[in-house]
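Following: one structure in structure tokens, then a few remarks.
The values are calculated or read from the model by the stated rules, or taken from the named source; none is laboratory data. What you see is a predicted model; the values in this text were computed from it and never measured. Here the Cβ is made from the backbone with ideal geometry for all residues, glycine too, and neighbour counts use every protein chain on show. Keep in mind that these areas ignore ligands, DNA and RNA; they rest on the heavy atoms of the full protein, side chains included. Shrake-Rupley method; radii C 1.70, N 1.55, O 1.52, S 1.80 Å.
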Amino acid sequence: MRRAPQLICHIIFFLLLVSPLAFSWKKDEFRNCDQTPFCKRARSRKSGSCNLIATDVSISGDGDLIAKLIQKTPESDAINKPLLLSLSIYQDGTLRLKIDEDPSLDPLKKRFEVPDVIVDDFLNKKLYLQRLSEEKIDGDMGVSSVIYLDNEYEGVLRHDPFEVFVRQKDNKKRVLSINSHGLFDFEQLRQKSEGENWEERFRGHTDSRPYGPQSISFDVSFYGADFVYGIPEHATSLALKPTKGPNVEDNYSEPYRLFNLDVFEYLHESPFGLYGSIPFIISHGNSRGSSGFFWLNAAEMQIDVLGKGWNAGEDQIMMQSGEKRIDTLWMTEAGVLDAFFFMGPGPKDVVRQYTSVTGRPSMPQLFATGYHQCRWNYRDEEDVYNVDSKFDEHDIPYDVLWLDIEHTNGKRYFTWDKVLFPNPEEMQNKLAAKGRHMVTIVDPHIKRDDSYHIHKEASENGYYVKDATGKDFDGWCWPGSSSYIDMVNPQIRSWWGDKFSYDNYVGSTPSLYIWNDMNEPSVFNGPEVTMPRDALHHGGVEHRELHNAYGYYFHMATSDGLVKRGDGKDRPFVLSRAFFPGSQRYGAVWTGDNTAEWDHLRVSVPMILTLGLTGMSFSGADVGGFFGNPETELLVRWYQVGAYYPFFRAHAHHDTKRREPWLFGERNTELISDAIHTRYIYLPYFYTLFREANMSGTPVVRPLWMEFPDDEETYCNDEAFMVGNSLLVQGIYTAQTKQVSVYLPGDQSWYDMRTGTAYKGGKRYKLDVSEESIPSFQRAGTIVPRRDRSRRSSTQMENDPYTLVIALNSTQEAEGELYIDDGKSFEFLKGAYIHRRFKFSKGILSSSSASATVGGNKYSTDCTVERILLLGMSSRSKSALVEPSNEKVEIELGPLRLRGEQSPSVLTIRKPNVRIADDWSINIL
């Protein structure tokens, strides 16, 4: 068929634009700090350059400390309008600091404050200050204002020089501070002077910057800290490395960048920003514990971790002798200062405090915690059925099959290719008959086609982001010419949510869920492959002010749409690539377009641990790597680690070879299958951990130091990780590994999860490894629930019995928990759940309720305990007495795992005939 020359040119340009060769990461395609004026200015400032003092300090009618910040010695070329400062306190000892321009002084525009992130429950826990006290600090000539936080901490506003810090009451030692080094700077909005040029240019793109410089920067110090962690997303070590000062590593000379970007084949060791941004740092040290700092700001941010000696000869902080601290420099392009101080003192306390502000992680459906099979793209319905049947043929469980962009009609979301997928409802229903689900992709770019109903409605109603001239923004993405939904507007989010109804999303069923990709947002022909900063959103807000939150609002709208689709009864599942504080309330995220390399397997662990520390507990990495073809050994090792990711999905680029689990020979199929089965065996434990995250924010997978905060050898260990408080997993990250060094922390033993062999804690071991598995251990003193039957999917395990694995400590004690609900609805919020606590002490295993349910709506199950395994039992008892049934049961040797012919034997109580939902006890005789 002949095509018009202009159309052919467009097609050629588009193919070049999106070809895999164009996807590789090229350093010069993205701005560095020197090419980013606000970052360059802030980084060049010297200590003590802040010229602000606090005046007019008082308590407002809202119970806040308020003050004005003015220049101590006004400069002729500076704006001299006072800034407004407020300090608010909340339950749990959280301090909130806000600094903004004074609206009564008629600034050129209202600076953007990010809405819809801070949850109402937190705002309702505000405490009202009754009084201020004053004292002189560090030999100051003037006074400082001191406010109550809680019984252990107090906040201090130092007037001159201006500084805000939190200190311990008893010894007056600082915990966290802002502007201790005098690096604070707040560029106020102003009129452009004659001849002044505010435009910025980068690689052929021009940013009009109509409001000129409006950046904010300041230093934050963490006292008593040995290391700091957080500020995802970067492919780096768990402990953040210094980016400024002497002895900085070559590839860490740039600040950690927080600017949501579509980065292809990203570097595995770089502070360069990736798909999501959470401006939250948690510090930890053995002398003080943990503290945290969070800045709610959605503009581009750059953060330096300042190495020792960064400020040699200029240090103005009055430090107590020998006190440790880590200094950081925070820089952003726009917005306001809206910051939160968290005092801990433990790491779980800090995460709890942070998620009390931004929201707890949502409780996923049970199926979403199983294994997901994905590829760009499964070709057609026949391909889907074939892949599905092969899982059954090879006895490999899975829960979700995914469809990428090629399932649509010409990249028009909410549609189906009628040739390749003529019967989508029937296809989904056939999967659902086996307890399986499907996920389809829905991205924020909308094909500009007047015959496409989504575009027609969005265009007619003004629902698109506008360019700097006020026209609908037009950029290039998968469909070609595209516009982008303005998700900042609540009305538009509601409209978007309606598109997921069964009437609007024709061909969808209740077993279909959603994947939001490209929502940074990715714009192929935009600056740094994203939307121009001077694009305009609802309310006249510039894209530069909210860029990092765009994907968050898209995720929110999609998740709310699925809830609406199910009349509020069905928990949504939405995977998002971009994220921001609060994204944990709406679903899962993954680490984006990684590569089939050992280094990317290795870095996936600290990336996922960091996401967990910053609220994003439901996260994972593409198993096998998205780009490239993994060598078989790498693929197997990746499955073995990935089985313990909170989100467990295999995914691959369409140019890669097919890599379903059965395509690598019989032996490798066995190994991959065993890894997937391991995940399903431990699903009861994972689901219990997801509920813990939902209640407290504590992540599903955790750094070792979160469970062993006093053990310094754990502080930089990001090759091993904890799953909950009970399991320790050590990955294998190099080819042909025969031995691996494993550190087992604590003073209690650890039991090998495959052999039952006990290892004393507090020691490092060099262990032989084989192809069968990676080193994994259960902590002495814990009880872990399992389900050992082999099924097609998690849904089909609903009525299966449980196994309890009891790992006894040195005093022959252990405890653990199990959480169960219907796995899909919101009825658990009304008390429809079972939460059991298991305790073994003095030879008696007991089961009791772990929490009081609310309301009268109960969840019930007839599931029983099938086996009880006893690891580390000192006695050789032959029987046990079950109460209240008064039945005697035998204790015998049984396999540690039902799968595998060579599973070692351990002491086993078989078929004690107790219901999982009941109170009971089993007395070892």
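What to note about this one:
- Formal net charge of residues neighbouring GLY539 (Cβ-Cβ distance under 11 Å; K, R +1; D, E -1): -1
- By average C-beta atoms within 10 angstrom, highest first, the peptides 838-848, 268-278: 268-278, 838-848
- For GLY276, distant residues with modelled amide H under 5 Å away: GLU233, LEU261, PHE579
- Whole-angstrom gap from region 557-597 to region 363-427, using each part's C-alpha centre: 18 Å
- Derived scalar couplings ³J(HN,Hα) [region 746-757; Karplus, 6.51 cos²θ - 1.76 cosθ + 1.60; whole Hz; x for Gly, Pro]: x, 9, 10, 6, 10, 10, 4, 6, 9, 10, x, 5
- Computed [θ] at 222 nm, helices only, for the chain once each DSSP H run of length n ≥ 4 contributes -39500 (n - 2.57): -5000 deg cm²/dmol
- For PHE112, nonlocal amide neighbours, meaning residues 5 or more places apart or on other chains whose placed amide H falls under 5 Å from its own, are GLY335.
- The chain, accessible surface, carbon-and-sulfur percent (1.4 angstrom probe): 48 percent
- Annotation note: GluC sites (Glu not before Pro) in region 453-547 located in DSSP loop regions with a Cβ neighbour count of at most 10 within 10 Å are absent.
- For SER879, the amide hydrogen comes within under 5 Å of the amide hydrogens of ILE891, LEU925, counting only partners 5 or more places away or on other chains and with H modelled in the peptide plane.
- Length gained on full extension, PHE826 to LEU925: 31.4 nm, using 0.36 nm per residue less the C-alpha separation.
- For region 133-147, Karplus couplings with θ = phi - 60° (6.51, -1.76, 1.60), whole Hz, Gly/Pro x: 10, 10, 7, 8, 10, 6, x, 4, 6, x, 9, 10, 9, 10, 10
- Only Cα pairs under 8 Å and 6+ residues apart enter the sum, and on that basis the relative contact order of the chain stands at 9 percent.
- Inter-label distance, nm, simple model (7 Å from Cα along the C-beta direction), ARG201/THR73: 3.9 nm
- Rolling a 1.4 Å probe over the heavy atoms of the protein chains gives region 483-589 an accessible area of 21 Å² per residue.
- Accessible area (Å², per residue) of region 341-409, counting only protein heavy atoms and a probe of 1.4 Å: 24 Å²
- Each peptide in 638-645, 758-765 gets a packing score, the mean of other Cβ atoms within 10 Å over its residues, and the list from highest to lowest is 638-645, 758-765.
- A 1.4 Å probe run over the protein chains yields, for region 797-851, 40 Å² of accessible area per residue, whole-number rounding.
- Modelled FRET efficiency - R0 45 Å, ASP92 with GLU382, Cβ distances, 0.05 increments: 0.20
- Separation of alpha-carbon centers, region 168-232 and region 32-81, rounded to whole Å: 10 Å
- Inter-label distance, THR757 to ASP140: 6.1 nm, where each label sits 7 Å from its Cα along the C-beta direction.
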